[in-house]
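Step one of this worksheet: look at the structure below.
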Amino acid sequence: PEAVFHAARVPNDPMYADQYEVLGPWDPRFRGTPVRHGIDAEYAWNRVFDSGYLVLAILDSGFDFRHPDLAANIYHRPADADFGRRDGYPDDTLGWNFATGGNDPSDDAGHGTMAVGNNGIGVSGVLWHTHMLAVKVLNRDLDGEGTTIAFGVYYAVRAGARILNMSLEGSQYSTLLFDALSFARDHGVLVVASAGNGRLDLDLSPVYPACYPLDNIVAVGSTAKVHGRAPFSNFGGPVRVGAPGEDIATTTRGGGYGNGSGTSFSAPLVS
């Protein structure tokens, strides 16, 4: 049989060499000590780098819609023909702000902002092209109530999202949020949740939504650059997946770039 070959795709983003998290294990291009725990994204990019029509909802503090490394991946919902009378969310083309109300889910805390890949600027995302729906459920202090987040889940599912990224945690069980995530499960929606950063054994000290007993939830812990689990990451319980979470290069509010650590950075790599 004839053999088929494909171009080895590497993004043209100038800061890509700083992103150990997407490079392969022991990749010599990483500046400094070679690392064990990159996700080897280049292998995947040879097969797929575009999510097609899939909508990924980010339940977080919102987006910086003006960031040049983010704008192309923002999902714009169709305009309301009835001014929101049917669903109660008028003019929600950019998503919805459940934290303070209204149709402006701009990021006033900096936690929800991510990046576009292979666009010649900044850093690269794992998916170069996708559709990210802004569902703001955390306020500028990065707090959100279970009721607020539950409303965000219902909204995202009804808006057509197939994956929900939830880089948030809480120690209190919310029945309303459990019901909302059950609704997501019943509609075939995957939920990717950060495991939390308290160095806790989740079998003894559960956090939510990661520990809700639902089979559509993927709880993600953080791996370190070199030696297995990151020291801050929760573990045990439902945590079956780890992704890089130390010193992750990312976009920041105001068009900038920076680095951060935590399971909040690990979950989006899985999403």
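How large is Rg over Rh for segment 78-237, taking Rg from the Cα atoms and Rh as the Kirkwood inverse mean of 1/r across Cα pairs? Don't jump to the answer; show the numbers that get you there.
Numbers: Rg = 16.7 Å, Rh = 17.0 Å.
When Rh is taken as the Kirkwood radius, the ratio is 0.98.
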Using θ = phi - 60° and the Karplus form 6.51 cos²θ - 1.76 cosθ + 1.60, what ³J(HN,Hα) does each residue of segment 47-52 get, whole Hz, x for Gly and Pro?
10, 7, 9, 9, 7, x
Convert each backbone phi in segment 138-145 into a coupling constant with the Karplus relation 6.51 cos²θ - 1.76 cosθ + 1.60 (shift: θ = phi - 60°), then list the ³J(HN,Hα) values in order as whole Hz, x for Gly and Pro.
10, 7, 5, 8, 6, 10, x, 7
Residue span residue 175 to residue 53: 0.36 nm per residue of separation minus Cα-Cα distance leaves a gain in nm of 40.7 nm
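Going highest first, how would you order 69-79, 160-170 by mean Cβ packing within 10 Å? Mind showing how you got there, number by number?
Working: 69-79: 16.5, 160-170: 22.8.
Top to bottom by mean Cβ count within 10 Å: 160-170, 69-79.
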With log10 I(q)/I(0) by the Debye sum over Cα atoms at q = 0.10, 0.11, 0.13 Å⁻¹ defined as stated, name the option among [x] -0.49, -0.60, -0.83; [y] -0.55, -0.68, -0.97; [z] -0.61, -0.71, -0.92 computed from the structure displayed.
[x]
Inverse of <1/r> over all distinct C-alpha pairs of segment 231-271, i.e. the Kirkwood Rh in Å, gives 11.3 Å
Applied in sequence order to segment 209-223, the curve 6.51 cos²θ - 1.76 cosθ + 1.60 (Karplus, θ = phi - 60°) yields integer Hz couplings, x standing for Gly and Pro, of x, 4, 9, 5, x, 10, 7, 9, 9, 10, 8, 10, x, 9, 9
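Quick note: the coordinates plus some simple rules give every number you see, no bench work behind them. Computed from a predicted model, the values in this text were never measured in an experiment. Every residue, glycine as well, gets a Cβ built from its backbone with ideal geometry; the counts of neighbours run over all protein chains shown.
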